[in-house]
Amino acid sequence: PTMTVKDPIHLLKREHDATLAHLDRMELAVADLSGARRAAALETLQQGLDFLEEEIRAHGKLEEEVLYPALGLHVPKQTVDVMLEEHKELWWEMDLLRSALRRQEPPTNEVRWHAIALIDLLRRHIDKENNVIFLMTAQMLSEQEYRDLAEALTRMYEARRCCRSKST
């Protein structure tokens, strides 16, 4: 069955909610890095990072290719540039955390530092999107542009689902 995105903003927010739940688990794990639950904490951080790699990179691509260009027709260029810059920082922090976790004996301080930086950055980015970018999108796009955005997101979700089912 094909999925049709009726409200693209609602869908993006749902993805944000799922992400925030992972960030909460990751944050709790950071607190356990030095204790007896270290192995479980590292595992939780790895799982969280795997989720972010899979979901947030795809979500970010979706924003960069569809949402931001649509919004960019209505807002100053700097507004979109700031969001794109934050994406770059997020991918960079994810890469740093991944390389710290991949080490034979992951260094606690390095893992803690990158995990906290990533969690903080991503929470602030999501907050900005939920409370500023999405509101601007809903208010500034014409009905046609909003429908086009929904259709473009539907196509991207279909492509993602299709690729996923092939890889499983």
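The charge dipole of the stretch 1-59, taken about its Cα centre with unit charges on the Cβ atoms of Lys, Arg (+1), Asp and Glu (-1) only, comes to about 80 debye.
Taking the Cα centre of the stretch 82-168 as origin and assigning +1 to Lys and Arg Cβ atoms and -1 to Asp and Glu Cβ atoms, the resulting dipole is close to 500 debye. Please report the spacing between the Cα centers of the stretch 9-69 and the stretch 129-154 in Å, no decimals. Each part's Cα centre sits 24 Å from the other's. Length, then width, then depth: along the principal axes, the Cα atoms of the stretch 111-168 run 45, 37, 8 Å. Measuring max minus min along each principal axis, the C-alpha atoms of the stretch 1-81 give extents of 52, 39, 16 Å (largest first). Between Arg123, Arg37, Arg98, the GNM of the chain built on Cα springs shorter than 10 angstrom shows Arg37 fluctuating the most.
Expressed as a whole percent, how much of the Cα-Cα distance distribution for the stretch 73-129 exceeds 19 Å?
Result for the distance tail: 39 percent.
About the centre of its Cα atoms, the stretch 1-129 shows a dipole size close to 160 debye [charges on the beta carbon of Lys, Arg (+1) and Asp, Glu (-1) only; nearest 20 debye]. May I ask which residue of Val30, Leu20, Met83 lies farthest towards the positive end of the charge dipole of the stretch 1-131, with charges of +1 (Lys, Arg) and -1 (Asp, Glu) on Cβ and the Cα centre as origin? Final value for the positive-end residue is Val30.
Relative to the globular-protein estimate of 2.2 N^0.38 Å, the Cα radius of gyration of the chain stands at 1.13.
Every read-out reported here was derived from the displayed coordinates using simple, explicitly stated rules and does not represent laboratory data. All values reported here derive from a predicted model rather than from experimental measurement. Neighbour counts are summed over all protein chains in view; Cβ atoms, including those assigned to glycine, are modelled from backbone coordinates with ideal geometry.
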